[in-house]
Amino acid sequence: QQQVKQSPQSLIVQKGGISIINCAYENTAFDYFPWYQQFPGKGPALLIAIRPDVSEKKEGRFTISFNKSAKQFSLHIMDSQPGDSATYFCAASKGSGTYKYIFGTGTRLKVLA
Amino acid sequence: DAGVIQSPRHEVTEMGQEVTLRCKPISGHNSLFWYRQTMMRGLELLIYFNNNVPIDDSGMPEDRFSAKMPNASFSTLKIQPSEPRDSAVYFCASTRTGGAEYGYTFGSGTRLTVV
């Protein structure tokens, strides 16, 4: 129940295309869902996050779609660029005052020039 | 702010040796996390501290692993004795009071190789 399942494991997209990464969770107590971006040799960095009271959040070319009934959420990268090539992690957390994230297993994205 | 500072960046050690990884969180952050990253298992939470107190160490793989946070600006993760299966990248992250939505700030990690 504590797991966050992420797919696909790797993804190759042409420049200008849409990258889509999916995550699913079981624990309905989770109420905060961030996405982290990690470049080689660096630590993960917060990219965008959503709470389950909204179905979509957009920041620039990055959009989170959230389906509470299905317990799924996804990251969409519009107009994907080679500079977006990185590993992306979804995560989930429950309750304010609880700082513990459960991370997905990661998706390695490569955007071809 | 210099961000979360981890040292060393790389560590190569022989099996059986003691390894100590160090972390300096961002000033004002009162929660600190140690994660281990491998290709097979992704990011695993080992332990986290709130206000220097260990809250959840259920992810610590076994008694060979120990972590301390003697003050708000320093934490260590120790492995004794080290084994080849401990080879991984170890990340430290910190965040501040207010909940998870402030986001973690990760350090650049320590790549540990046990031969």
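The values are calculated or read from the model by the stated rules, or taken from the named source; none is laboratory data. Given the structure is predicted, the values throughout are model-derived calculations rather than measurements. All Cβ positions, glycine included, derive from the backbone under ideal geometry; neighbour counts span all protein chains shown.
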query: Is it fair to say A:ALA86 is in contact (Cβ under 8 Å) with a residue 24 or more places away in the chain and either within 14 Å of chain B (Cβ to nearest Cβ) or not aromatic (Phe, Trp, Tyr) (or both)?
result: yes
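Rundown of residues vs (1) touching a Gly at 6+ places or on another chain (Cβ under 7 Å); (2) modelled with pLDDT under 95; (3) under 24 Å from A:ALA49 (Cα atoms), yes/no style:
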site: B:ALA67; (1), (2), (3): no, no, no
site: B:SER75; (1), (2), (3): no, no, no
site: B:ILE79; (1), (2), (3): no, no, no
site: B:SER94; (1), (2), (3): no, yes, yes
site: B:ALA100; (1), (2), (3): no, yes, yes
site: B:TYR104; (1), (2), (3): no, yes, yes
site: B:GLY107; (1), (2), (3): yes, no, yes
site: B:LEU112; (1), (2), (3): no, no, no
site: B:VAL115; (1), (2), (3): no, no, no
statement: Scanning region A:10-41 for residues that are facing chain B (nearest Cβ under 10 Å) and loosely packed, with under 15 Cβ neighbours inside 10 Å gives A:GLY41
task: Inspect all residues belonging to region A:47-67 and state whether any of them is within 29 Å of B:PHE49 (Cα to Cα), surrounded by fewer than 17 Cβ atoms within 10 Å (Cβ to Cβ) and hydroxyl-bearing (Ser, Thr, Tyr).
output: no
- prompt: So which strands (runs of 3 or more DSSP E) are wholly in region A:3-82 and hold at least 3 residues that are in contact with a Pro (Cβ under 9 Å, 6 or more places away or on another chain) and not polar (S, T, N, Q)?
  reply: A:45-50
- prompt: When B:THR76 is evaluated against the numbered criteria (1) away from chain A (no Cβ under 14 Å); (2) surrounded by fewer than 21 Cβ atoms within 10 Å (Cβ to Cβ); (3) assigned to a loop (DSSP other than H, G, I, E, B), which criterion, by number, is the only one it fails?
  reply: (3)
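State all residues of region B:1-54 that are acidic (Asp, Glu) and either part of a strand (DSSP E or B) or within 14 Å of the chain's Cα centre (by Cα) (or both); if no residue qualifies, say none.
To start, the set of residues in region B:1-54 that are acidic (Asp, Glu) comprises B:1, B:11, B:14, B:18, B:44.
Correct list: B:GLU11, B:GLU44.
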message: Residues that are in contact with a strand residue (DSSP E or B) (Cβ under 6 Å, 6 or more places away or on another chain) and free of Cβ contacts under 8 Å to residues at least 60 places away in the same chain: does region A:10-19 have at least one?
response: no
query: What's the number of the condition A:SER74 fails, among (1) touching a strand residue (DSSP E or B) at 6+ places or on another chain (Cβ under 9 Å); (2) loosely packed, with under 13 Cβ neighbours inside 10 Å?
result: (2)
